[in-house]
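Accompanying notes for the structure given below.
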Amino acid sequence: MVGPGRPQFVLFGSSIVQMSFNIGGWGAILADLYDRKADILLRGYSGWNSRLALQVLYQNFPKEAAVQPSLVIVYFGGNDAMHPHPSGLGAHVPLPEYLENMRKIYLHLKSLSEKTRIIFLTSPPVNEAMIREHFGNALDDQARTNEGCRIYSEALVELCQEMDVEAINLWTAIQQRDDWANSSFIDGIHLSADGCKIVVREILKVLKKVDWEPSLYWLSMPAEFPEDSPYYVVGPDGKTTINVTGHICTWQKEWLNI
């Protein structure tokens, strides 16, 4: 544990999460926006479904931990929604079981602390033609289809409404762009920089609108060590220094108007 203790935001999910710290990734963008405000912790596992998530849930989020996360963003569903393989092996999880697994994940996270907030992300859409281009016939017998992602996404949103937990329907949000199929992916499944920006924007919308106390919206959170110091760069008057604690970098300005 590196001190002092900043709020912890944990990203928990499959490859959409594991790859989120890539250049232009949505996790990397959040880490940049929340510098000096929160620690963004990555718990992403490529290829995983909700069954595997349950196997490590208590290890990643122990109830006895001295510090509990302030926010957990959860994504599982795209792998669950794949067609079942004839062998019985593979990532597919039937929809009723998937929903029960997500319910269990939510109930455990909710039990960690009264201050632990939770956001669920649904499966993004997929570009089936691009998947075939990148993977050939390798996934034909366990295909990931846009229709399958829609079914699992809508079911998860309904579950979240029932549990009163914040949900972001990425399947819908990403398809708002006219060119979504070509601009949002690197391989038809995993998100490009453009696709990741949509994820960030939707997360920030939620964090801005909810009435959580304390606020977890990046512009509302205090920065660490905000005090003035004589060791900062001297200002134009030659007598005082410039405190840059609240400075918004040029590349962060696109996130000001959410």
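Computed from the coordinates by the stated procedures, all read-outs in this text should not be read as laboratory data. All of these numbers come straight from a predicted model, not from anything done at the bench. Positions of Cβ are backbone-derived with ideal geometry, glycine not excepted, and every protein chain shown enters the neighbour counts.
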Candidates ILE242, ILE73, ILE105, ranked by Gaussian network fluctuation over the chain, Cα under 10 Å, top entry: ILE242
GNM result for the chain, Cα springs below 10 Å: residue of ALA167, ALA81, ALA181 fluctuating most strongly: ALA181
Loop trypsin sites (Lys or Arg not before Pro), the range 86-193 (other Cβ atoms within 10 Å of the site Cβ: 16 or fewer; DSSP): LYS115, ARG177
Length-normalised contact order of the range 129-237 in % [C-alpha pairs under 8 Å, at least 6 apart]: 18 percent
Whole-angstrom gap from the range 63-141 to the range 174-200, using each part's C-alpha centre: 18 Å
Cross-link pairs LYS209/LYS253; LYS63/LYS205; LYS63/LYS253; LYS37/LYS239; LYS209/LYS239 - those with Cα-Cα distance over 31 Å: LYS63/LYS253; LYS209/LYS239
Average Cα contact separation per residue, the chain, under 8 Å, 6 or more apart, as relative contact order %: 18 percent
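In percent, how large is the relative contact order of the range 11-62, given Cα pairs closer than 8 Å and 6 or more residues apart?
After rounding, I find 44 percent.
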Cα-based convex hull volume of the range 103-234 per residue, rounded to whole Å³: 189 Å³
Efficiency of FRET from Cβ geometry, VAL233 and ASP178, R₀ 30 Å, rounded to 0.05: 0.10
Cβ-based exposure ranking for MET102, MET82, MET19, in which fewest neighbours within 10 Å come first: MET19, MET82, MET102
Rounded to whole Hz, the Karplus (6.51, -1.76, 1.60) HN-Hα couplings of the range 189-199, x for glycine and proline: 10, 8, 7, 7, 4, 5, x, 5, 4, 5, 4
GluC sites (Glu not before Pro) restricted to DSSP loop in the range 57-163 with at most 11 other C-beta within 10 Å: GLU64, GLU114
Near-label residues of the range 32-53 by backbone N, under 20 Å of a point 7 Å along Cα→Cβ of LYS208: 32-35, 37-38
Candidates GLY238, GLY25, GLY136, ranked by Gaussian network fluctuation over the chain, Cα under 10 Å, top entry: GLY238
